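Okay, structure first, notes after.
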Amino acid sequence: MKPSRLPLITTLLVLAFFYLPIGVLILNSFNESRFGTRWQGFTLKWYERLWEREDLWMALLNSLKVAVFASIGAMILGTCAAFALHRYRSRVQTAHALLITMPLVLPEILMGMSLLLLFVSTGIQLSLLTVTLAHITFCVSYVALVVQSRLQDFDFQIVDAARDLGATKLQAFLKVVLPLLAPGILAGGLLAFTLSVDDFVVTFFVKGPGSDTLPVVIYSMIKKSREFPVINALSTLLLVVTFAAVWASQRLTADREAREGSD
Amino acid sequence: MRDSRRELLATLPSFGWLGLFVLVPTLLVLAIAFRETDPAGGIGAGWTWRQFAIFGQPSILVLLWRTIWISALTTLICMVMALPVAWYLARVRKEWRSRLLLLIIVPFWTNFLIRVFAWNQILHSEGGLARFLRSIHLLGENDSLLFNSGAVVLVSVYTYLPFAILPLYAAAEKFDFSLLDAARDLGATALRAFWSVFVPGIRKGLITALVIVFVPMLGSYVVPDLVGGTDGQMIGNKIAQRNFADRNLPSASAMAAILSLAVLAPMLFRKREEAGKQ
């Protein structure tokens, strides 16, 4: 059977489709033209403008604050959830599993809207705190999923071994189980962090005055059709950070695999 | 007895949190959908069915219909594009596979709004693409590439395609491709082998990919808001408008309630089906 070239061609086209808009963004961030419609010469002035935008830096700080607390909260709750779901089989766990899936299937707008109603009807002031509470809520399920998949490969016999060697239950948990699961929990936490930093819709519903996160500010800049090149410059910087992070984590895992391979 | 207490201890944190911040708010939406409108904004007193009368209005029916066809079309295009890619990834040499997967995922670690914004610039009426299409008379003088439902579909495909590729690839990777050779040897055409052997073989991945694109599309809000214009609005935009512009929370809740039921009902149904099978 002669292999068809169609899959290869589609894959290349899809990759071009994925990277074309990103290329346009990067190119336009160095474009003299205000509207990026045609090339009018190289400039760095949009990066200078970006540097002067204090509201953006404040928003970035807000985003990071929320993401740190949200990922810590989600790591704790999600790990507990994963243990309970892995360990026990009961009616309670069936309901528990359903609750964990709900944030994964509910469209963001429903989540934002329902949380807004909760805060409004209980009289809680909208602020960075309500944003953090909302972010923890949609991050828990992702952490639970990641940790649960690690637990499936986890050999619980080593806990018995630790107990046989005289460890208390707490010691066995803290010194054996937790360190072994730490990479899984951290991976879940990292996922939560990126989801939190990226979130716009839920945040838009539950944010209060002065609690704008970076996506909220970017949204209002796009919406008001102002300073497009500054958004381009910001996007390019964020892209550089993302690619560097991906590259670094690739290098780390590649190094570890190489080391493990040589053992 | 002690075991059940430990179970409770492990379950309570996440159960309590999600109960308070997911289940209670969802029920709250269902309840507020039956409240009167408060002209001052907020939630009125008294109970009523009236908020659901909105679904009799032609403008809302148009919006609902558009929401469904935009979601369905986006899902279809994502599938058609993702299937060959998943196939290719499953068949390509291992060292290339991980590189290609990374290339597919990396753009989607950048901010979602920025990805939408990039299209905003490409499709802009003064942008290079629009001018080129005008110069070869494929686009009318006053037509725009931006602010219509076509733009919503295009940008939605862009944002959801990787979510379709990944589950399809995961299923295709486990598929035994020698089955296709067997089908060909038995006289099936390439297309026939694809449809009757490959597609059923990755059924689970297909369903996951369909759900993962279609369901969030129903609640789409940002993409139609930024590139849809008035002709590309979806039900999510109406919910947001009732919420922020009109401050009519009961009306927004009525629409959100219908959307929640549409989204959650299949999930509950599938859970029951799974439980039935066990």
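A compact table of results
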| item | result |
| --- | --- |
| Mean Kyte hydropathy of -0.5 or more with a Cα span along the axis of at least 20 Å, helices from DSSP in chain A | A:6-29, A:54-87, A:91-105, A:108-122, A:128-152, A:178-198, A:228-262 |
| Size of the B/A contact, given as accessible area buried on both chains, probe 1.4 Å, in Å² | 7300 Å² |
| Hydrodynamic radius by Kirkwood, which averages 1/r over all alpha carbon pairs of chain B, in angstrom | 22.3 Å |
| Heavy-atom accessible area per residue - the range A:15-82, 1.4 Å, Å² | 53 Å² |
| Inter-label distance, nm, simple model (7 Å from Cα along the C-beta direction), B:Ala40/A:Phe243 | 5.6 nm |
| Carbon and sulfur %, accessible surface of the range B:57-245 computed with the full protein complex present, 1.4 Å | 65 percent |
| Formal net charge of residues neighbouring A:Thr79 (Cβ-Cβ distance under 14 Å; K, R +1; D, E -1) | +2 |
| Paramagnetic reach from A:Ile26 (point 7 Å along Cα→Cβ, amide N under 13 Å) across the range A:215-236 | A:235-236 |
| Per-residue mean of C-beta atoms belonging to partner chains within 10 Å, peptide B:158-167 | 1 |
| Rg ratio (alpha-carbon, reference 2.2 N^0.38 Å) - the protein assembly as shown | 1.04 |
| 30 Å Cα-Cα threshold exceeded, pairs from A:Lys65/A:Lys223; A:Lys207/B:Lys204; A:Lys65/A:Lys224 | A:Lys207/B:Lys204 |
| Choice from A:Gly189, A:Gly210, A:Gly123 with maximal GNM fluctuation in chain A (Cα, 10 Å cutoff) | A:Gly123 |
| Å² of accessible area per residue within the range B:72-216, as computed with a 1.4 Å probe and no ligands counted | 49 Å² |
| Additional length obtainable on full extension of the chain from B:Phe177 to B:Glu95, 0.36 nm per residue less Cα span | 27.6 nm |
| At most 13 other Cβ within 10 Å, DSSP loop - trypsin sites (Lys or Arg not before Pro), the range B:69-143 | B:Arg93 |
| Alpha-carbon centroid distance for the pair the range B:66-91 / the range A:59-115, whole angstrom | 28 Å |
| Axial C-alpha extent at least 27 Å, average Kyte-Doolittle at least -0.5 - helices from chain B (DSSP) | B:58-91, B:149-174, B:249-277 |
| For the protein assembly as shown, calculated [θ]222 nm from helices alone, where every DSSP H run of n ≥ 4 adds -39500 (n - 2.57) | -23500 deg cm²/dmol |
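The values are calculated or read from the model by the stated rules, or taken from the named source; none is laboratory data. Please read these numbers as outputs of a predicted model, since none were measured by experiment. Neighbour counts are summed over all protein chains in view; Cβ atoms, including those assigned to glycine, are modelled from backbone coordinates with ideal geometry. Just the protein is used for accessible areas: all its heavy atoms, side chains included, with ligands, DNA and RNA removed. Shrake-Rupley method; radii C 1.70, N 1.55, O 1.52, S 1.80 Å.
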